[in-house]
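Colleague: Quick one: structure below, then a few questions.
Each reported figure results from applying straightforward, stated rules to the coordinates on display, with no laboratory input. The model shown is predicted, which means the values in this text are computed figures rather than measured ones. So basically every Cβ, Gly included, is an ideal-geometry build from the backbone, and we count neighbours across all protein chains shown.
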Amino acid sequence: MLLKDKVAVVTGGAGLNGLGYATARQMAAHGAKVAILDLARAEPVAAAARLGDRHLGLVADVTDKAACEAAAAEVLKALGRIDILVNNAGITQPVKTLEITGADYDRILDVNLRGTLYMSQAVLPAMRQQQSGSIVCISSVSAQRGGGIFGGPHYSAAKAGVLGLARAMAREFGIEGVRVNCITPGLIETDITQGKLTPDRKKEIAESIPLARLGAAADVAGACVFLASDLSAYCTGITLDVNGGMLIH
């Protein structure tokens, strides 16, 4: 039970085939009480109920600072503390550079980057008071290699921004016992990829990956559990690649 008696908050966690819900499920299995945050249409209350009675589902838009603060306050009221934050909420858009509008840019950066900042700001006071905490930010291999299959340049920019933001927070709050790390997933089979890749295209991509397969949501979830737990007690400001060897530095 790596996370016994811990309280974890997972943003964008209600999609049953997504990275967030897989992470919430694994953290619950390791003993954590989990608060799933998501938009109303994703039904976070129902998603949390699937994990069991001790877990919490809350409607929150990570681009709304007041909503993030209200959600953090509700978690503290209901569960008593916040030990872990997984900044998972994100959106993508497969367009080319010259096709990106101002509205596109704002929308992609707001959810992926501003949301990471706002939710981190919302939980940091509690973590500082406890003198302990772990924030895990979900970036992307797209930030490292300059683009991916499903994300445009503005998505790469947003996810690269997440890497910089996380490292800066790691430097600022390490003295207070708060660790901040990033995960950069490769191509993971979730709802985002469903129906968008033919079997032949999947096979072609898999053949280019050293581990010879696309990733599963559980692969990323396991890395989140590691970074949230005391197994990674001396890790902060790191970028943990979970891509099957797609990008070997």
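Colleague: Placing one identical point scatterer on every Cα of the stretch 122-249 and ignoring solvent, what is log10 I(q)/I(0) from the Debye formula at q = 0.19 Å⁻¹?
Modeller: Here log10 of I(q) over I(0) equals -1.05.
Colleague: Report the net charge of residues surrounding ALA70, where surrounding means a beta-carbon distance below 13 angstrom and charges are Lys +1, Arg +1, Asp -1, Glu -1.
Modeller: Net local charge, ALA70 excluded: -2.
Colleague: Same structure again: What is the distance in Å between the Cα centres of the stretch 1-47 and the stretch 130-207?
Modeller: 18
Colleague: Expressed as cubic angstrom per residue, what is the convex hull volume of the alpha carbon set of the chain?
Modeller: 122
Colleague: Another one. Any lysines with Cα under 26 Å of the LYS202 Cα? List them, leaving off those in the same chain fewer than 8 positions away.
Modeller: Of all the lysines, those that pass the test against LYS202 - Cα under 26 Å, at least 8 places apart if same chain - are LYS96, LYS159.
Colleague: If you don't mind, another one. Within 10 Å, count the other beta carbons around each residue, average over each peptide in 35-41, 197-203, and list them highest first.
Modeller: Details: 35-41: 22.1, 197-203: 11.3.
Going by the mean number of other Cβ atoms within 10 Å, highest first, we get 35-41, 197-203.
Colleague: Have a look at the stretch 71-174 and give its Rg and Dmax from the Cα atoms, expressed in angstrom.
Modeller: 15.3, 48
Colleague: Let me have the relative contact order for the stretch 7-241, percent, based on Cα pairs under 8 Å that are six or more residues apart.
Modeller: 20
Colleague: Just to confirm the number: angle between the C-alpha axis of helix 65-79 and the first principal axis of the chain, 0 to 90 degrees, nearest 10?
Modeller: 50
Colleague: Looking at the stretch 11-74 from every direction and averaging, what is the projected area of its Cα convex hull in nm²?
Modeller: 3.9
Colleague: Count charges around ASN181 for me, please; just the other residues with Cβ under 13 Å from its Cβ, Lys/Arg as +1, Asp/Glu as -1.
Modeller: Details: positive: ARG167, ARG171, ARG179; negative: ASP241.
It works out to a net charge of +2.
Colleague: Find the relative contact order for the stretch 1-73 and round it to a whole percent, using C-alpha pairs within less than 8 Å whose residues are 6+ positions apart.
Modeller: 27
Colleague: Measure nothing but the geometry: give the 0 to 90° angle between the long axis through the Cα atoms of 115-130 and the longest principal axis through the Cα atoms of the chain, rounded to 10°.
Modeller: For helix 115-130, the angle is close to 30 degrees.
Colleague: If you don't mind, there's one more thing I want to ask. Could you work out how far helix 19-29 tilts from the main Cα principal axis of the chain, as a 0 to 90 degree angle to the nearest 10?
Modeller: For helix 19-29, the angle is close to 40 degrees.
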